[in-house]
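Scroll down for the structure; my scribbles are underneath it.
The values are calculated or read from the model by the stated rules, or taken from the named source; none is laboratory data. It should be emphasised that the depicted structure is a prediction, and the values quoted were computed from it without experimental measurement. All Cβ positions, glycine included, derive from the backbone under ideal geometry; neighbour counts span all protein chains shown.
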Amino acid sequence: MPKRRGAYQPPYSKHSFLVHGKFLTSKWDFEHHVVPPISSSSTYRLESAQRGASGFCGYVDPQARARRRGEIFIYDRLDEPTRAMLEERLAFVEEGERCVTFATGMAAIAAALGVVLRSGDEVVAHHALYGCTYSLLTTWMPRMGIRARYVDFTDPRRLERAIGRRTRAVLFETPVNPTLEVIDIAAVAGICRRRGVISIVDNTFATPFCQRPLSLGADMVVHSLTKNICGFGTDMGGAVVTRRQFEGDLLLYRKDFGGVLSPKNAWPILVYGLPSLELRMRKEEQNALEVARFLEGHPKVARVVYPGLESFPQRALARRQMTDFDGTFAPSNMIYFVVKGGEPAASRLVNHCARHAYTITLAVSLGQIRTLIEMPTAMTHSALPAGARRAGHLDPGGVRLSVGIEDAGDLIHDLREALQTC
Ligand code: PLP
């Protein structure tokens, strides 16, 4: 009778034990961890060929998954436990049925579009989009026979007119990166439902703490987890949260295109990012309001856009749509402002911050505990051609500020000094 695996005993050498350890150990029990463990195993031991076959056949078949007892993990690129725990929590907080995570936000956006669109289809997007999303739509999608069109979603009637026979999906950010215009999710989702089009909302700027688009009727939410959900600037990640019906295709897409979130990146988001989301966002919002008010009163600033300001042009919509878990207005932490003197003045301001500011760092990305500043037309949105920038209301003198958790007075001090150079 063959020996049961897992028992270390002679004639195996200590060296083999160091390679294999014990196969069965009482040290592996998720229920008894206070902190979720990192499971870092690129492949999984299968105790029988039948279990392997059942894992493969049930991978994208939700009914087969529901029938079997417990998960069958096969290979990291298919599914793995640390990432799965993060997905459960993200689906819950976004009020969706399922979440599938990806290596980055861009991988998540590509997957959401990839499972919905076919050659010959068309996607309609809002004029202003994160530069790489714009590049995905204009550089790569046409190679797959998919056309992108751009309209102003702040007027949903224009979107209604733009939807044509071939339109299969609409994609937008709200608040929009970097202009912070707000798009009426319920209105857009209503149009999409009537016209049989899938609505995809990039909720990166708001996070589920400030806005939950699925509860307003959207079909899919995409995230760059790299930003406020991770929160500390340590890890990249992306997610699609949606209805159960899209889960199989998203898993298949992720398996075959391979843009999986590493469990080593999922773990900090699960252990540090999500649990501290509310605390960080509340502090960042308080700071953002103080900083936005300061900027609004500064003679060298032409315009400040922050959904929390009284002067925000779409204030009623923002108040209705952007609410925290308690239903309180939650305008998030991003500010867009335009300095008098245009691009050269903005450049001087940002360079002054880079060289002299203690609390403000010149860097792309956003949603970290540290305050970051950048110039979108020169950096994050440089992929947008001049016409798209104009249509999207991006100003060459525009500056994007991602407000962190520092002392608000210190942030204002550093900005005041930098504005003297404008
Ligand atoms: N969506 C928005 C609104 C972004 O700002 C970004 C990145 O800045 C992305 C998506 C892409 O995310 P990632 O860098 O994680 O791929």
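A compact table of results
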item: Hits in the stretch 69-94 (condition: surrounded by 14 or more Cβ atoms within 10 Å (Cβ to Cβ) and in a loop (DSSP other than H, G, I, E, B)); result: 71, 72, 73, 74, 76, 77, 78, 79, 80, 94
item: Qualifying positions in the stretch 110-125 - part of a strand (DSSP E or B) and over 20 Å from residue 179 (Cα atoms); result: 122, 123
item: Qualifying residue in the stretch 153-165 (condition: part of a strand (DSSP E or B), away from the ligand (no atom under 16 Å from the Cβ) and surrounded by fewer than 16 Cβ atoms within 10 Å (Cβ to Cβ)); result: no
item: The one condition in (1) at pLDDT below 85; (2) surrounded by 13 or more Cβ atoms within 10 Å (Cβ to Cβ) that residue 66 fails to fulfil; result: (2)
item: Count - residues of the stretch 220-251 that are more than 16 Å from the ligand (Cβ to nearest atom) and farther than 16 Å from residue 83 by Cβ; result: 7
item: The stretch 339-386, residues that are among the aromatic types (Phe, Trp, Tyr) and either surrounded by 15 or more Cβ atoms within 10 Å (Cβ to Cβ) or in contact with a Phe, Trp or Tyr (Cβ under 9 Å, 6 or more places away or on another chain) (or both); result: none
item: Test result for residue 259, touching a strand residue (DSSP E or B) at 6+ places or on another chain (Cβ under 6 Å), surrounded by fewer than 21 Cβ atoms within 10 Å (Cβ to Cβ) and more than 19 Å from residue 322 (Cβ to Cβ); result: yes
item: Among residues of the stretch 297-338, those that are farther than 19 Å from residue 278 by Cβ, touching a strand residue (DSSP E or B) at 6+ places or on another chain (Cβ under 9 Å) and among the polar types (S, T, N, Q), counted; result: 1
item: Residues located in the stretch 201-218, provided they are closer than 21 Å to residue 230 by Cβ and not in a helix (DSSP H, G or I); result: 201, 202, 203, 204, 205, 206, 211, 212
item: Yes/no for residue 218 being out of contact with any Ser or Thr (no Cβ under 7 Å at 6 or more places or on another chain) and closer than 29 Å to residue 390 by Cα; result: no
item: Filter result for residue 179 (under 25 Å from residue 313 (Cα atoms), more than 15 Å from the ligand (Cβ to nearest atom), polar (S, T, N, Q) and at pLDDT 95 or above); result: no
item: Residue ranges of strands (runs of 3 or more DSSP E) in the stretch 319-422 with at least 2 members at pLDDT 95 or above and under 28 Å from residue 148 (Cβ atoms); result: 334-339, 398-402
item: Test for residue 139: is it within 19 Å of the chain's Cα centre (by Cα) and either closer than 30 Å to residue 378 by Cα or away from the ligand (no atom under 16 Å from the Cβ) (or both); result: no
item: Matching entry among 107, 128 (being crowded, with 22+ Cβ neighbours inside 10 Å, in contact (Cβ under 8 Å) with a residue 12 or more places away in the chain, part of a loop (DSSP other than H, G, I, E, B) and in contact with a Gly (Cβ under 7 Å, 6 or more places away or on another chain)); result: 128
item: Qualifying position, being within 18 Å of the chain's Cα centre (by Cα), away from the ligand (no atom under 15 Å from the Cβ) and either at negative phi or surrounded by 24 or more Cβ atoms within 10 Å (Cβ to Cβ) (or both), among 173, 122, 97; result: 97
item: Hits in the stretch 185-205 (condition: within 10 Å of the ligand (Cβ to nearest atom) and of a type outside the set (Val, Ile, Thr)); result: 202, 203, 205
